[in-house]
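**Student:** So that we are looking at the same thing, I have put the structure below in structure tokens.
Throughout, read-outs are computed from the coordinates displayed, never taken from laboratory work. Keep in mind that what you see is a predicted model, and the values were worked out from it rather than measured. Here Cβ is always computed from backbone atoms with ideal geometry, including for glycine, and neighbour counts include all displayed protein chains.
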């Protein structure tokens with residue numbers, strides 16, 4: 001499992017680097033984020049939720065049923081909108097209320 005960072009969207013804030021529990025995200029000479037060892041990514045999605053530019057997506061491989069889809073997050077207040085883009089281009093959205101998600 002791995003994240004993919006779109007350097008063209010990255011604003012260089014460094015939030016992803018500071019939140020990555022594995023210390024895998026680095027900043028290049030241009031101040032853009034990249035993942036040093038993609039195969040070591042735990043898939044926790046912390047960096048995806050932290051990125052204000054929506055430059056990071058999670059690769060959903062066949063091993064977890066994603067068949068090559070990519071997932072990114074848009075956050076508005078307490079709502080996390082997970083957007084899954086399938087290889088054919090169609091999208092699916094899953095909205096989660098953070099206050100309700102771990103209620104039980």
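**Student:** Please identify which residues in region 38-61 have an amide N closer than 20 Å to a label point set 7 Å out from the Cα of residue 30, following the Cα→Cβ vector.
**Tutor:** 38, 51-57
**Student:** Here is a further query. If r is the Cβ-Cβ distance from residue 11 to residue 76 and R0 is 25 Å, what FRET efficiency results, to the nearest 0.05?
**Tutor:** Numbers: r = 18 Å, r/R0 = 0.73.
E(calc), rounded to 0.05, equals 0.85.
**Student:** If you wrap a convex hull around the alpha carbons of region 2-101, what volume per residue comes out, as a whole number of Å³? Could the numbers behind the result be given before it?
**Tutor:** Working: hull volume 10.7 nm³, N = 100.
With only Cα atoms used, region 2-101 gives 107 Å³ per residue.
**Student:** Reported to two decimal places, what Rg/Rh ratio describes region 50-95 when computed on Cα atoms with Rh from the Kirkwood expression? Walk me through the numbers before you get to the answer.
**Tutor:** On the way: Rg = 11.0 Å, Rh = 11.0 Å.
Using only Cα positions, Rg/Rh for region 50-95 is 0.99.
**Student:** In deg cm²/dmol and to the nearest 500, what is the mean residue ellipticity at 222 nm of the chain if only DSSP H runs of at least 4 residues count, each as -39500 (n - 2.57), divided by the residue total? Show your work: numbers first, answer last.
**Tutor:** Numbers: 3 runs with 14 residues, N = 104.
After summing the helix terms and dividing by the residues of the chain, the value is -2500 deg cm²/dmol.
**Student:** Which residue fluctuates the most in the chain, going by a Gaussian network model with Cα springs under 10 Å, if the choices are 75, 84, 94?
**Tutor:** Of 75, 84, 94, the Gaussian network model singles out 94 as fluctuating most.
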